[in-house]
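Nothing in this text is a laboratory measurement; each read-out follows from the coordinates by a stated rule. Nothing here was measured: the structure is a model prediction, and the numbers come from that model. Using ideal geometry, Cβ is built from the backbone for each residue, glycine included, and neighbour counts are taken over all protein chains shown.
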Amino acid sequence: MAKVLITGGAGFIGLHLATRLLEEGYEVTLADNFSRAVEDSDLSAAANQPGLTLLTVDLMSKDEVETLGADFSAIFHLAAIIGVAHVLERPYQVLTDNVVLLSNIIELAKRQRSLDRLLFASTSEVYAGAVQSLDFLIPTPENTPICVPDRAEPRTSYMLSKLYGEAMCLQSGLPITIFRPHNIYGPRMGMSHVIPELCARARDLPKQGALPIASPEHTRTFCYISDAVEQLVRILLSDSCRGKIINIGSQAPEIKIKELASKILKVTDREDLTLTFSADTPGSPSRRCPDMSDLNALVGECASVDLDAGIALTHEWYEKNVFAPGGRTAR
C-alpha cells in the first residue's frame, strides 16, 4: 500500500486531504508540531482511522525529520508559518523558518526509496507584486511575471519565503509539483479567515446592529475545501502534473467582499444587520482570481460545491463546533 506524508497535516487542508487519501486506499502519516493546529474531535476521529499515523514532530529539526522514514511514495509539504498576524509580528522568522522547513523536507524526500512526488504548497501571494505594479491578467495564469513588492514590508516576507521555496523545489532534482492555493475555505479553517470571522461577528451583534466591512470593493473567488482536496488528489494521481506549477482554487464567481458579507448575513439569519464599509486593508490586493485552465486541462474540472452551499456548510460546522456553548476556540 502506497504511503503519503503530509507535513502540517493536523491543520485545515492537511486533515481534509488525509481523510480523502485514506478513502483512496493510501496509508497516511501526519507530521505536525501543533504550534497552530488544534487537537480537536475531528483530528481525534481521523487519528483513530486505520491507516493513519499522527506524529508530533519538530520539522525544524533535521534529526527529528530523519525519523519519519524512507518509504513514502508522496510528500505533501504544507507546514509553514502562515497567517497575517504571524507574518506581521515576525517577518524575519517567516523568511528563515519557512526555508529551513522546506530544506529539511527536501533532504527527507531525497532519502526516499521510491518517491513519486514532492508536492509543495506555495501561495497566491506570489502574484501580489504583479497586482500592484503590472498590467496583470484576471483570471491570473501561473506564468504571470513575478514582481517583488516592497521588501521592507513585513507582509512581503511570506511571499518571498514561498517564492524561494518554489525555486528550491525546481532546482532540487526531485519529481515535484508546486501548487498555489487561492482562498480555500470550509470547516476547521480557524477564525483568522474572512468567512468564519464574518459569521462570528454577525451572530454576536445586537439586533439591527452594524457590521463593518473592510475592503468592500475588493474581489475574490472562493473554493470549498472538498473541491480543493479533489484537485490535489487528481494532481497526485496524474503523471502529467509532475514538474508543473498549478493554481488551486476556483475561477468563478469573482465576488466583492461586501457581496460575500451579504451572503453570510443570509446564512446566519442576520439580515436585520446593516453593512458599513471601511478602508481597504493595507497590502491586500484589490482582485484575486486564479486562471484554472491549466489544471482543468491536466486533470479536468473539480468544482461541485457552489459558494452559497459552501458558506452554509462552513457556518453549520462552526455553529456546532466553535460557536455553541462549550465549543472549542479555533485558530
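How many lysine pairs does the chain hold where the Cα atoms are under 19 Å apart and the two sit 8 or more places apart or on different chains?
9
Stokes-Einstein D for the chain at 4 °C, 1.567 mPa s, Kirkwood Rh over Cα pairs, in µm²/s?
63
Give the separation of the Cα centroids, the range 265-280 to the range 74-134, in Å.
Each part reduced to its Cα centre gives a spacing of 35 Å.
Please report the equivalent ellipsoid semi-axes of the range 187-331, computed as sqrt(5 x eigenvalue) of the Cα gyration tensor, largest first, in whole Å.
Each semi-axis is the square root of five times an eigenvalue, giving 31, 18, 12 Å.
Could you work out the local net charge near E271, counting Lys and Arg as +1, Asp and Glu as -1, over the other residues with Cβ closer than 12 Å to its Cβ?
Here the count lands on +2.
Could you please rank D71, D227, D32, placing first whichever residue has the fewest other Cβ atoms within 10 Å of its Cβ? Walk me through the intermediate numbers first.
Working: D71 14, D227 22, D32 25.
Placing the least packed residue first, the sequence is D71, D227, D32.
Among A31, P145, I105, flag the residue with its Cα farthest along the positive direction of the charge dipole of the range 13-156, charges on Cβ as +1 for Lys/Arg and -1 for Asp/Glu.
The Cα lying farthest towards the positive end belongs to P145.
What distance in nm separates the two pseudo spin-label positions at F34 and T96, each 7 Å out from Cα along the beta-carbon direction?
2.7
Scaled to the compact-protein estimate 2.2 N^0.38 Å, what is the alpha-carbon radius of gyration of the range 151-273, rounded to two decimal places?
1.33
Name the residue farthest towards the positive end of the dipole of the chain from the options L205, P91, I13, assuming +1 on Cβ of Lys and Arg, -1 on Cβ of Asp and Glu, about the Cα centre.
Of the options given, the answer is P91.
At a temperature of 37 °C and a viscosity of 0.692 mPa s, determine how fast the range 15-91 diffuses translationally according to Stokes-Einstein, using the Kirkwood radius over alpha-carbon pairs as Rh; express D in µm²/s, rounded to the nearest whole number.
Working: Rh = 14.0 Å.
So the translational diffusion coefficient is about 235 µm²/s.
With only Lys, Arg, Asp and Glu charged, each at its Cβ (+1 for the first two, -1 for the last two), find how big the charge dipole of the range 93-176 is about the Cα centre; round to the nearest 20 debye. If you can, show how the numbers build up before the last one.
On the way: 7 positive and 9 negative charges, 80 e Å.
Magnitude of the dipole: close to 380 debye.
Give the angle, between 0 and 90 degrees and rounded to the nearest 10, that separates the Cα long axis of helix 12-23 from the longest principal axis of the Cα atoms of the chain.
60
Kindly state, as a whole number, the per residue volume in cubic angstrom of the convex hull around the alpha carbon atoms of the range 251-331.
Taking only Cα atoms, the range 251-331 has a hull volume of 156 Å³ per residue.
Need one number for the range 224-296: average projected area of the convex hull over its C-alpha atoms, nm². Spell out each step's value before the answer.
On the way: hull surface 27.1 nm².
With the hull built on Cα positions only, its mean projection is 6.8 nm².
Taking the simple approach of a point 7 Å from Cα along Cα-to-Cβ for both L88 and A309, what is their distance in nm?
So the label points at L88 and A309 sit 3.6 nm apart.
Please give the contour-minus-distance gain from K256 to D135: 0.36 nm per residue of separation, less the Cα-Cα distance, rounded to one decimal in nm.
Stretched out fully, the K256 to D135 stretch lengthens by 41.5 nm.
Counting other Cβ atoms within 10 Å, keep those with at most 13, restrict to DSSP loop, and tell me which chymotrypsin sites (Phe, Trp or Tyr not before Pro) in the range 1-110 are left. Don't skip to the end; give the middle numbers.
Numbers: sites: F12, Y26, F34, F72, F76, Y92; in loops: Y26, F34, F72.
When the chymotrypsin sites (Phe, Trp or Tyr not before Pro) of the range 1-110 are filtered for loop state and at most 13 Cβ neighbours within 10 Å, F34 remain.
Which number do you get for Rg(Cα) / (2.2 N^0.38 Å) in the range 51-194?
Numbers: Rg = 16.1 Å, N = 144, 2.2 N^0.38 = 14.5 Å.
For the range 51-194, the normalised Cα radius of gyration comes out at 1.11.
Full-extension gain between D204 and A167, please, as 0.36 nm times their residue separation minus the C-alpha to C-alpha distance.
On the way: separation 37, 0.36 × 37 = 13.32 nm, distance 4.46 nm.
In short, 8.9 nm is gained.
Mind listing which trypsin sites (Lys or Arg not before Pro) in the range 79-146 are in a DSSP loop and have 15 or fewer other Cβ atoms within 10 Å? Intermediate values should be presented prior to the final figure.
On the way: sites: K110, R111, R113, R117; in loops: R111, R113.
Answer in residue order: R111, R113.
Relative to the present Cα-Cα distance, how much length would full extension add between R111 and L298 at 0.36 nm per residue of separation?
The span from R111 to L298 would gain 64.4 nm if fully extended.
Can you tell me the relative contact order of the chain? Whole percent, Cα pairs under 8 Å, sequence separation 6 or more.
Averaging sequence separation for qualifying contacts and normalising by length gives 18 percent for the chain.
Rounded to the nearest 0.05, what FRET efficiency do S278 and E23 give with R0 = 35 Å and r taken as the Cβ-Cβ distance? Could you check? Provide the component values of the computation, followed by the final result.
Values: r = 43 Å, r/R0 = 1.23.
Once rounded, the FRET efficiency stands at 0.20.
Using only alpha carbon pairs under 8 Å that are at least six residues apart, calculate the relative contact order of the range 63-121 and give it in whole percent. Please list the in-between numbers first.
Details: 56 pairs, mean separation 35.3, N = 59.
With pairs under 8 Å counted, the relative contact order is 60 percent.
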